[in-house]
1. Being of a type in the set (A, V, I, L, M), assigned to a strand (DSSP E or B) and over 30 Å from VAL126 (Cα atoms): is that true of LEU233 here?
2. Across region 56-81, what is the number of residues that are within 24 Å of the chain's Cα centre (by Cα) and in contact (Cβ under 8 Å) with a residue 24 or more places away in the chain?
3. Going by the structure shown, is GLY303 in a strand (DSSP E or B) and assigned by TED's automatic domain parsing to the domain that holds LYS202?
Amino acid sequence: MMSRGAIRRPSWPLVISLIISICASSAHAKRDDDVVILKNGDRLTGEIKGLQRGELRFKSSYMAEAVRLDWTKVQRLESKSAFLVLLTDGQLLTGSMRVGPIAGIGDNIFVIEFQKNSLVVKQLDVVKITPVEANFWHQLEGSVDFGFSFTSGNNQYQTELAATTTYRRGDQSMTVSVDSVFSGQPKGTSTARKEFTFDYRKQLNEKYYVGGLLDFLSSDQQSLDLRTTVGGLIGRNLVQSERTRFSIFGGLVANREKYSAEVNQARKTNLDALTGFDFSTFRFKTTDIRSRFMLFPSLTTPGRMRMQATSDLNIEIAKDLYWGFHVYENYDSKPPLLFTKKNDLGVSTSVGWKF
């Protein structure tokens, strides 16, 4: 995990700062006449913050902070504000809404009225409700994680900073993520790993989507100064419920690599196939698991296979604050020279905040 050289500060501070600044954007005025009626007859008036993972977030003027309501206990919603509603079949509805049960059919069957249109669905088919904010910054959702460890015996330390944010609009989404890991000793060797990823997705229908991928990766462990990967993909949603999502995808990417001076390898452009999956699930009200696996069989170097994988386990400590466990792995079956490491594996813990 170590390479020789002076201690270097983690790069990309500007990118990281931009993502963190998202969290500090100021609030703006919204309607406070939304209505939520529970199945026990309680009626709440205020602001619907959104629905995710089976919890409806709602805030009244007399509440210090938003409360979380069990979605299965909600009987009716009414709002004149604009919302984006995602269903398990992939449908996306946008507009002001009225959501409520159909008389004589059952409490768990809803009719969703959007302006002049209506749709009959099961209550648990509603995966997500997101306010359509007028301010761009308030439409973002994401998280920031920071981890630090220190060993006094050899003065070894490691820091990790990870940030991700997603912007959704209609049937499209864009996600930007940064992951920077730095380890070393005050008067010794050091290593660094840095990755920036931009991911674009557009839902074609309830099952299929298309997208694009842009990734920059630098790893001292693999003597890799920079690998730039760009390409397109098509995917299919296999599972999409209020708690779990699982999709598979495939595509084609091009990458250009530059290795360190010790490797003495010229820049080279490669063409790779792409296949992989995305998985996320929310369990026990406090546990969030997210994983991505990508395999790149080379089309220009026979027999070469690259793999990138990440997995995160987040456990809620308090409101919007969580403890995180992060694993990443980068593998290359045919690095440029024999002494170049084939894999770069890392495990870390951190404290994170979601917004």
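1. When the stated conditions are applied, LEU233 does not pass them.
2. 4
3. no
Each row is one residue, and each column tells you yes or no for (1) modelled with pLDDT under 85; (2) surrounded by fewer than 16 Cβ atoms within 10 Å (Cβ to Cβ).
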position	(1), (2)
THR45	no, yes
LYS49	no, no
LYS80	yes, yes
LEU86	yes, no
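The values are calculated or read from the model by the stated rules, or taken from the named source; none is laboratory data. Quick caveat: nothing in here was measured; it's all calculated off a predicted structure. As a convention, Cβ positions derive from the backbone with ideal geometry for all residues, glycine included, and neighbour counts pool all protein chains shown.
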